[in-house]
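Undergrad: My questions all concern the structure below.
Each value in this text was obtained by applying a stated rule to the coordinates, not by laboratory testing. The structure presented is a predicted model; accordingly, all values stated were derived computationally and were not measured. We place every Cβ from the backbone using ideal geometry, glycine too, and count neighbours over all the protein chains shown.
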Amino acid sequence: MNAMLACCDRDAERERDATSLREVLAVEDVRKTFVEGSQKVEVLRGVSLAVDQGEVVALEGPSGSGKTTLLSIMGCILTPSAGRIRVAGREVSGDESALRDVRKRSIGFVFQQYNLFPALTAQENVEYALNVKGVRGRGAAAEAARVLELVGLGDRKRFLPRDLSGGQKQRVAIARALAGAPEVLLADEPTANLDTAVGTQILELFQKLAKDENKGLVIVTHDPKVRNVADRVVGIRDGRLSNPQEH
Amino acid sequence: MVSLARKNLLHDRLRFVITVAGVAFAVTLVLVQVGLFLGLLGKATVTIENSSADIWVTSRETPNVDFAHSFPETTVLRVRGVAGVERADNAIVQFMNIMLPSGAEEGCLVYGLEDFSSWNLPWDVESGDPTELRRGDFILMDRSAERRFGPFAVGEYREILGHRFKIIGATRQAASFTTAPVVFMDFRRAQGLQQTVHNKTSYILVKVAPGHDKAQVAARIRAVTPYNDVYTREEWAARSRNYWVVSTGLGMNMGITVFLGILVGIVVVAQTLYTSAVEHVKEFGTVKAIGGSNWDIYKILGEQALIAAVVGYTIGAAMSFGMRPLLAQLHLNVLVSPQFAATVFAGTVLMCLGAAMLSFKRVAGIDPALVFRA
């Protein structure tokens, strides 16, 4: 009897391990309430979402639906009022230094406005992010060069952001997000400032990287083209997920 | 390691130039003004520091070496009897009027001793022999007197309080804080020129015998000269300096100059760093979003402040040293010792870091979520 129980426990453990390997990001029943003056505004009302390795999830919703708040919570920039977050199999607490640690190790951000450091070259932008994550010296330089090659900017390493096109800037931002091998990539309207052709290239790059590098990718977007690369499209409206669907 | 601080600073060259100019201005102001002050103050004690007297006996409450009061010359006999005194001589330091060839009358500061060579006075002789002074109505005049009295030559005569004296040589570096030119003559002749110092002296210069403690000998002299003050060389120099610093308001004036210099530096550096911090707020938000802490941002601001301090100080110090020959032509001595230069450098670094700290509060409150705002 005991042997049988032990065997079942091992099976359950293996199943848990397999699950935690596959799932890189999960939010469970997350709620977020902001206080504005004397009013409480509930922006997220019990959102649950899980993202697996190599999966591309598109998060769609109108302005004010709560998608940026959800992205901030998934990115450990904001703490939820209630609910749980798990990143790379690790439960995330509300402590700021713990959140920062998760951001450093497990999450890469890509922003609508690129948010590159204008005084740094493409190589330095990526290298600086690695420095912040604790990678220094030749290791940082080599990793920065690697990820810039990966996004097709190996020949633009010494260029300042002002000398790069919008698409190239976004590629640098993607390289920066990839640096340090985070498990999760979070992209906020990454194609909003790009024309259709460049936007499509960037989305295809995202898809390729998610698959090749085994990243969980969440793209917050209004861009219908994202549906072409997403494994799953999730709608959000009034703080609730509306139409989780396989794509 | 990539230095975002340095790159940002050099990226906005105009702001960097303004910051560095502000620091350089503050450094130049402090170095030149305080250097001039110290140079001027050096004149207040130059004879004390160059003479070989270990102890000075003065009349009660004499405020500084230039403003001497007289006391009986026989006091020296008591001092000579004190254990540990190797030699003690009277010295007269007295303002007297001198008649110039133009007919104008000016003031000069007369130093009268019986044996100049025993006291290393004057210490920088251009021409003539101080030991000759006791042989007649002779004087040695400091070359700096030419600024007030006009040119003079050895062999010429000048009238001091109606007595004709022959200039038998010239000295250098002898000066008084009051700018009255210094003239050296024999003690007895100086005594004879003015009624107020007949049979009197201004000071007793004391040399301590080898193996004796200066402070202990001074204490013994105090015991036998109850109506005098007794100072070691260092005490007397400090008293003379303090008189000019405190009594004339020069110290306060200098304090205000230094304060203004620091204020200008802080305002310029704080203003430019704060503006820079505000303009780079989204970048700092990005630093936080990618896992950086407030400390990472403080380090950026601190490094920028440090660069501004080092570059600004270097330029300011170079300007100050460059101005020295020009000021020397105006007979202004800028005295900058290595210790003073090091103090100003440390002050500059503190000033810049202090100014940077004013931006810390602004960046500490940056919400990394702002990176999601378009």
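Undergrad: Could you run the Karplus curve 6.51 cos²θ - 1.76 cosθ + 1.60 with θ = phi - 60° over the range B:233-240 and give me ³J(HN,Hα) per residue in whole Hz, x for Gly and Pro?
TA: 3J(HN,Hα) across the range B:233-240, in whole Hz: 3, 5, 5, 5, 5, 5, 5, 5.
Undergrad: Counting other C-beta atoms within 10 Å, and keeping those with at most 14, which DSSP coil trypsin sites (Lys or Arg not before Pro) do you find in the range B:1-96?
TA: Details: sites: B:Arg6, B:Lys7, B:Arg13, B:Arg15, B:Lys43, B:Arg60, B:Arg78, B:Arg80, B:Arg87; in loops: B:Arg60.
Counting only loop positions with at most 14 other Cβ atoms within 10 Å, the trypsin sites (Lys or Arg not before Pro) in the range B:1-96 are B:Arg60.
Undergrad: Where Lys and Arg each count +1 and Asp and Glu each count -1, what net charge lies around A:Asp238 among other residues with Cβ under 11 Å from its Cβ?
TA: Its environment carries a net charge of +2.
Undergrad: How big is Rg to Rh over the protein assembly as shown, alpha-carbon atoms, Rh as the Kirkwood inverse-mean-distance radius?
TA: Checking Rg against Rh, the ratio lands at 1.31.
Undergrad: Report the residue, chosen from A:Pro118, A:Pro161, A:Pro182, that carries the largest GNM mean-square fluctuation when chain A is represented by alpha-carbon nodes joined by springs under 10 Å.
TA: A:Pro118
Undergrad: Sequence neighbours fewer than 8 away in the same chain don't count; with that in mind, list the lysines whose C-alpha is under 19 Å from A:Lys169.
TA: A:Lys157, A:Lys208, B:Lys7, B:Lys282
Undergrad: With charges set only on the Cβ (+1 for Lys and Arg, -1 for Asp and Glu), what does the dipole of the range A:160-247 come to about its Cα centre, in debye to the nearest 20?
TA: It comes to approximately 40 debye.
Undergrad: Please check: in the Gaussian network model of chain B (C-alpha springs, under 10 Å), which one of B:Val278, B:Val349, B:Val85 has the largest mean-square fluctuation.
TA: Top of the fluctuation ranking is B:Val278.
Undergrad: Magnitude of the Cβ-charge dipole of the range A:69-170, K/R +1 and D/E -1, about the Cα centre, nearest 20 debye?
TA: In total the dipole reaches around 120 debye.
Undergrad: Pick out, from A:Ala175, A:His222, A:Val233, the residue whose Cα sits farthest towards the positive end of the charge dipole of chain A, with +1 on the Cβ of Lys and Arg and -1 on the Cβ of Asp and Glu.
TA: Value computed over the given set: A:Ala175.
Undergrad: Now, a different point. Work through the residues other than A:Thr121 whose Cβ is under 10 Å from its Cβ and net out their charges, Lys, Arg +1 and Asp, Glu -1.
TA: Counting the neighbours of A:Thr121, the net charge comes to +1.
Undergrad: Can I ask one more? Among B:Tyr227, B:Tyr313, B:Tyr298, A:Tyr114, rank each residue by its count of other Cβ atoms within 10 Å, from fewest to most, as a rough exposure measure.
TA: B:Tyr227, B:Tyr298, A:Tyr114, B:Tyr313
Undergrad: Then there is this: What is the distance in Å between the Cα centres of the range B:56-116 and the range A:112-128?
TA: That distance is 75 Å.
Undergrad: Put +1 on the Cβ of each Lys and Arg and -1 on the Cβ of each Asp and Glu in chain A; which of A:Gly199, A:Gly152, A:Val30 then has its Cα farthest toward the positive end of the dipole?
TA: A:Gly152
Undergrad: Between helix A:122-132 and chain A, what is the angle of the helix's C-alpha long axis to the longest principal axis, kept within 0 to 90° and rounded to the nearest 10?
TA: 40 degrees
Undergrad: Antiparallel as a % of all DSSP beta bridges within the protein assembly as shown, to the nearest 5?
TA: In the protein assembly as shown, DSSP labels about 65 percent of beta bridges as antiparallel.
Undergrad: Taking the Cα-to-Cβ direction at B:Leu250 and at B:Trp295 and moving 7 Å from each Cα, how far apart do the two end points lie in nm?
TA: 4.9 nm
Undergrad: Something else now. Arrange the following residues from fewest to most other Cβ atoms within 10 Å of their Cβ: B:Val268, A:Val24, A:Val102.
TA: A:Val102, B:Val268, A:Val24
Undergrad: Rank the residues A:Glu96, A:Glu183 as a footprinting-exposure proxy: fewest other Cβ atoms within 10 Å of their Cβ go first.
TA: Working: A:Glu96 12, A:Glu183 21.
The order, fewest Cβ neighbours first, is A:Glu96, A:Glu183.
Undergrad: Sequence-distant or interchain residues sharing an amide H contact under 5 Å with A:Leu59, placed H: which?
TA: So A:Leu59 has HN proximity to A:Ile219, A:Val220, A:Thr221, A:Val234.
Undergrad: Using each residue's phi in the range B:279-286, evaluate 6.51 cos²θ - 1.76 cosθ + 1.60 at θ = phi - 60° and report the 3J(HN,Hα) Karplus result to the nearest Hz, with x for Gly and Pro.
TA: 3J(HN,Hα) across the range B:279-286, in whole Hz: 5, 9, 4, 5, 5, 5, x, 5.
Undergrad: Placing +1 on the Cβ of each Lys and Arg and -1 on the Cβ of each Asp and Glu in chain B, which of B:Ile256, B:Tyr111, B:His212 has its Cα farthest towards the positive end of the resulting dipole?
TA: Going by the charge dipole, the pick is B:Ile256.
Undergrad: Rounded to the nearest 20 debye, what is the charge dipole size of the range B:1-105 about its Cα centre when +1 sits on each Lys and Arg Cβ and -1 on each Asp and Glu Cβ? Don't skip to the end; give the middle numbers.
TA: Numbers: 9 positive and 9 negative charges, 159 e Å.
Here the range B:1-105 has a charge dipole of around 760 debye.
Undergrad: Please average, across the residues of B:5-18, the number of beta carbons from any other chain that are within 10 Å of each residue's own beta carbon, and give a whole number.
TA: The shielding value for this peptide is 2.
Undergrad: What average number of partner chain Cβ atoms lie no more than 10 Å from the Cβ of the residues making up A:112-122?
TA: Partner-chain Cβ atoms within 10 Å, mean over residues of A:112-122: 5.
Undergrad: Which residues' amide hydrogens lie under 5 Å from the amide hydrogen of B:Glu159, considering only partners 5 or more residues apart or on another chain, with H built in the peptide plane?
TA: Sorted by chain and number, the residues that satisfy this are B:Met99, B:Phe165.
Undergrad: Against the longest alpha carbon principal axis of chain B, how many degrees, from 0 to 90 and to the nearest 10, is the axis of helix B:294-329 turned?
TA: On a 0 to 90 degree scale, this one is about 30.
Undergrad: Report the net charge of residues surrounding B:Phe187, where surrounding means a beta-carbon distance below 15 angstrom and charges are Lys +1, Arg +1, Asp -1, Glu -1.
TA: It works out to a net charge of -1.
Undergrad: Give the long-range amide H neighbours of A:Leu241: residues separated by 5 or more places, or on another chain, with amide H under 5 Å away, using H modelled in the peptide plane at 1.01 Å from N.
TA: Excluding prolines and chain starts, which carry no amide H, the hits are A:Ser48.
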